[in-house]
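Asker: The structure that follows is given in the form of structure tokens.
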Amino acid sequence: MKLRYKVANGILIFVAVAIASLALVLSHNSDCEPAPTVSAETELMKAIVYRCYGPPDVLRLEDIEKPVPANDEVLVKVHAAAVNPLDWHYMRGSPYLMRLGSGLGAPNDPSLGVDFAGTVEAVGSNVQRFKPGDEVFGGRTGAFAEYVTVREDRALALKPANVTFEQAASVPIAAITALQALRDKSKVEAGQKVLINGASGGVGTFAVQIAKYFGAEVTGVCSTRNVEMVRSIGADHVIDYTKEDYTDGGTQYDVIIDNVGNHSLLANRRVLDPDGILVIVGGPKGNWLRPLMEPIKAFVLSPFVDQELGMMLAQFSQEDLTILGDLMQSGKVTPVIDRRYPLSEVPAAIRYSEEGRARGKIIINVL
Ligand SMILES: NC(=O)c1ccc[n+]([C@@H]2O[C@H](COP(=O)([O-])OP(=O)(O)OC[C@H]3O[C@@H](n4cnc5c(N)ncnc54)[C@H](OP(=O)(O)O)[C@@H]3O)[C@@H](O)[C@H]2O)c1
């Protein structure tokens, strides 16, 4: 064999071994660690924790240390929290690539849940915007607990008085995603035709209402049992996906918000206006590259076509929480609540979320 073939073979073998080793490290699940012991003087609170990756059985309701707010933090007594697919992605450490951030083998941070609403119990010495007794809502890891601490300049906003804690808790991830997909990614204008695939889920129920608020003509896609609900929250047209495939229809949409990812990029492009915008919000489940396949294709193709194609990652913003609070206060947006579970039943709530059949939001009542 010539030297250059030997070198090429060597490089190939090295790359293959490196990829296989990385795959092994990323997919390895360590055993569940026992809860650390806490001293008798420590003030405790109840919280859902996970000390290893896996199905909802890995979740435990434990007494853990109650957080103390730093100078720039607010301590919130949680009344209600909400479940998002993000929670079970963290719980399972899937797709595996996310473990580069969340922890190899086992989670770095055992706390779970993000969306919450509650009452400010205490504030750090530098906090100016919030005071004890304020009713607030926001997002912070560890929301499936009796208390969370949040920096005052992060994802925290005052809850309007006419909005319940359950309604406010359902907003942060799902409604911010819907708002940013429509306003920032699609720049939706009045009169535009907007299709929302997955219109009956957490993101979808907010997206239908927010798109209507922007004056769009909205088509929602859902299954038979959700057709009336999606119509009742404002959709002008509803496509029952069990009877009709929206990518086979004759309508061209200015904007498609895809919360499901069950159609190929090619199929979505067929029903997208030549200058239209496709926002990929959700995708199929998968531990490796499957959830990323359509976003990768969209990223590669987008520079060569007039249509704008791409995925989005929502960013928490205090300003957007305030906008959503105002929209709820004025009745322009009303969260759709599906099921309610007590804190001790978070595993059942997450099991339900993983089925992918939620009608609006799943709420955890903590208080
Ligand atoms: N990119 C981001 O920043 C971001 C942020 C939030 C969420 N996400 C992702 O977005 C996706 C949606 O999140 P979510 O909170 O809305 O989830 P969800 O509440 O669990 O969505 C469930 C809904 O999906 C619908 N659905 C299932 N299969 C469908 C199909 N083939 N066609 C149309 N609808 C279908 C279900 O309706 P039926 O029962 O009627 O089928 C159900 O109402 C998830 O993948 C999530 O991870 C991404």
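Asker: I'd like the full set of residues that are part of a helix (DSSP H, G or I) and free of Cβ contacts under 8 Å to residues at least 60 places away in the same chain, limited to region 88-105.
Answerer: Across region 88-105, the qualifying residues are HIS89, TYR90, ARG92, MET98, GLY101, SER102.
Asker: OK, next. Where residues in region 85-115 are polar (S, T, N, Q) and more than 14 Å from the ligand (Cβ to nearest atom), which of them is surrounded by the fewest Cβ atoms within 10 Å (Cβ to Cβ)?
Answerer: ASN108
Asker: Which of the residues that make up region 207-255 are surrounded by 14 or more Cβ atoms within 10 Å (Cβ to Cβ), more than 11 Å from the ligand (Cβ to nearest atom) and small (Gly, Ala, Ser)?
Answerer: Once the filter is applied, which keeps residues that are surrounded by 14 or more Cβ atoms within 10 Å (Cβ to Cβ), more than 11 Å from the ligand (Cβ to nearest atom) and small (Gly, Ala, Ser), region 207-255 yields ALA211, ALA216, GLY234, ALA235, GLY249.
Asker: Let me ask you something else. Scan region 205-239 residue by residue and report those that are more than 18 Å from VAL194 (Cβ to Cβ) and not in a helix (DSSP H, G or I).
Answerer: SER223
Condition check ((1) modelled with pLDDT of 95 or more; (2) closer than 30 Å to VAL127 by Cα; (3) under 27 Å from the mean Cα position of the chain (by Cα)) across all residues:
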residue: ALA18; (1), (2), (3): no, no, no
residue: LEU44; (1), (2), (3): yes, yes, no
residue: PRO55; (1), (2), (3): yes, no, yes
residue: ARG60; (1), (2), (3): yes, no, yes
residue: GLU65; (1), (2), (3): yes, yes, yes
residue: ASP87; (1), (2), (3): yes, yes, yes
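Asker: I'm checking my understanding of the structure. Among residues of region 143-179 that are among the small types (Gly, Ala, Ser) and touching a Lys or Arg at 6+ places or on another chain (Cβ under 6 Å), which one is nearest to LYS77 (Cα to Cα)?
Answerer: So the residue we want is ALA168.
Asker: OK, next. Taking only region 116-138 into account, find how many residues are surrounded by 20 or more Cβ atoms within 10 Å (Cβ to Cβ) and of a type in the set (Gly, Ala, Ser).
Answerer: Total satisfying the criteria: 3.
Asker: Moving to a separate point now. Taking strands (runs of 3 or more DSSP E) that fall entirely within region 260-367, which contain at least 3 residues that are within 14 Å of the ligand (Cβ to nearest atom)?
Answerer: Output list reads 272-280, 337-342, 361-365.
Asker: Now, a different point. LEU179 passes all but one of (1) crowded, with 24+ Cβ neighbours inside 10 Å; (2) in contact with a strand residue (DSSP E or B) (Cβ under 6 Å, 6 or more places away or on another chain); which number fails?
Answerer: Every condition holds for LEU179 apart from (2).
The values are calculated or read from the model by the stated rules, or taken from the named source; none is laboratory data. Since this is a predicted model, take the numbers as computed values, not measurements. Quick reminder, even Gly has a Cβ in these numbers, built from the backbone with ideal geometry, and neighbours come from all protein chains shown.
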